[in-house]
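Asker: Pasting in a structure now, in structure tokens, and then I'll have a few things to ask.
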């Protein structure tokens, strides 16, 4: 005859199993968090230590590195390590691409959430998702074969220019801005729209004076996230921007960014040399800018709640 386990004992055993599972889950999640923190700190420490070596061991002035327009590290008599043209190129393509992509992305989000019928949303949403999945090299190849010849023929110049890099980047960051802006508009309480319509406002007045101000912190977060991606993009920009060492005088002139110079030159330098260390210093600038973008995003996220 089988022995019956009292209900009290079964409950105790069940609680023990639940506590053991809870403890294992907590340990696993904590371990994952520690791995992420360790990886971030390791990358920051390594890149920081390598990035400052060009100033501590290479004898390069920080002011000269950040402000000089001359970049000629292969000159045996008087090598020059001025990164100002590349810093300017990174900021230029980032800001210009954000100026193009932000209105288009926010406009697309408003269209999908407030204006388009159901069939319009079903068409536009897959298009946005498709743009996200296209690899960077494909964007760069299309820009190289289509955009660069078009600009050369109809606008002048070589075609490889700041404008080409800006257009490619604006297309690449457009899905990021559109997706986040769409979620921001959809998450707004419906009573905002109903209250505005009840007061006699039109749909456009409701969008312009009620919905956009209410979602503004999240919309700005979307723009900053797009800019963060644009600032760190390398391959697609490298294929269309021209990669020159001079400061561009106009939007149709070729230029270069920090990422393009790093990817072009890192494989051709000796590890530990002054030129190699200056490339690590450029990487440190990219890391610092990433941190600043993250801080800005966190600041904007803190303002998301509707008062």
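Asker: Would you be able to say whether some residue in the range 26-49 is surrounded by 11 or more Cβ atoms within 10 Å (Cβ to Cβ), modelled with pLDDT under 85 and either out of contact with any helix residue (DSSP H, G or I) (no Cβ under 6 Å at 6 or more places or on another chain) or assigned to a helix (DSSP H, G or I) (or both)?
Answerer: no
Asker: Same structure again: Failed condition for residue 158, given (1) surrounded by fewer than 17 Cβ atoms within 10 Å (Cβ to Cβ); (2) in contact with a helix residue (DSSP H, G or I) (Cβ under 9 Å, 6 or more places away or on another chain); (3) not in a loop (DSSP other than H, G, I, E, B), with all others met?
Answerer: (3)
Asker: Considering each of 295, 286, 264 in turn, give the residue that is closer than 28 Å to residue 164 by Cβ, part of a helix (DSSP H, G or I) and either under 14 Å from the mean Cα position of the chain (by Cα) or at pLDDT 90 or above (or both).
Answerer: 286
Asker: Being part of a loop (DSSP other than H, G, I, E, B) and crowded, with 21+ Cβ neighbours inside 10 Å is the filter here; which residues of the range 222-242 pass it?
Answerer: Listed by number, the residues that qualify are 233, 241.
Asker: Which pairs turn up if I take residues in the range 134-152 that are more than 18 Å from residue 252 (Cα to Cα) and look for partners that are surrounded by 12 or more Cβ atoms within 10 Å (Cβ to Cβ) with beta carbon separation below 6 Å, at least 6 apart in sequence or on another chain?
Answerer: 136/235; 136/236; 137/235; 139/168; 139/172; 139/236
Asker: Something else: Which residue pairs have Cβ atoms closer than 6 Å, lie 6 or more positions apart in sequence or on different chains, and pair a first residue in the range 269-281 that is over 14 Å from residue 46 (Cα atoms) with a second residue that is outside any helix (DSSP H, G or I) and modelled with pLDDT of 85 or more?
Answerer: From residues that are over 14 Å from residue 46 (Cα atoms), the pairs are 278/81.
Asker: So which of 207, 251 ends up being out of contact with any strand residue (DSSP E or B) (no Cβ under 9 Å at 6 or more places or on another chain), part of a helix (DSSP H, G or I) and either in contact (Cβ under 8 Å) with a residue 12 or more places away in the chain or crowded, with 20+ Cβ neighbours inside 10 Å (or both)?
Answerer: 207 is the lone residue from the list that is out of contact with any strand residue (DSSP E or B) (no Cβ under 9 Å at 6 or more places or on another chain), part of a helix (DSSP H, G or I) and either in contact (Cβ under 8 Å) with a residue 12 or more places away in the chain or crowded, with 20+ Cβ neighbours inside 10 Å (or both).
Asker: So, in the range 56-68, of the ones that are touching a strand residue (DSSP E or B) at 6+ places or on another chain (Cβ under 9 Å) and in contact (Cβ under 8 Å) with a residue 60 or more places away in the chain, which residue ends up farthest from residue 87 (Cα to Cα)?
Answerer: Looking at residues that are touching a strand residue (DSSP E or B) at 6+ places or on another chain (Cβ under 9 Å) and in contact (Cβ under 8 Å) with a residue 60 or more places away in the chain, I get 58.
The values are calculated or read from the model by the stated rules, or taken from the named source; none is laboratory data. Bear in mind the structure is a predicted one, so any value in this text is a computation, not a measurement. FYI the Cβ positions are ideal-geometry reconstructions off the backbone, even for glycines, and counts take in every protein chain you see.
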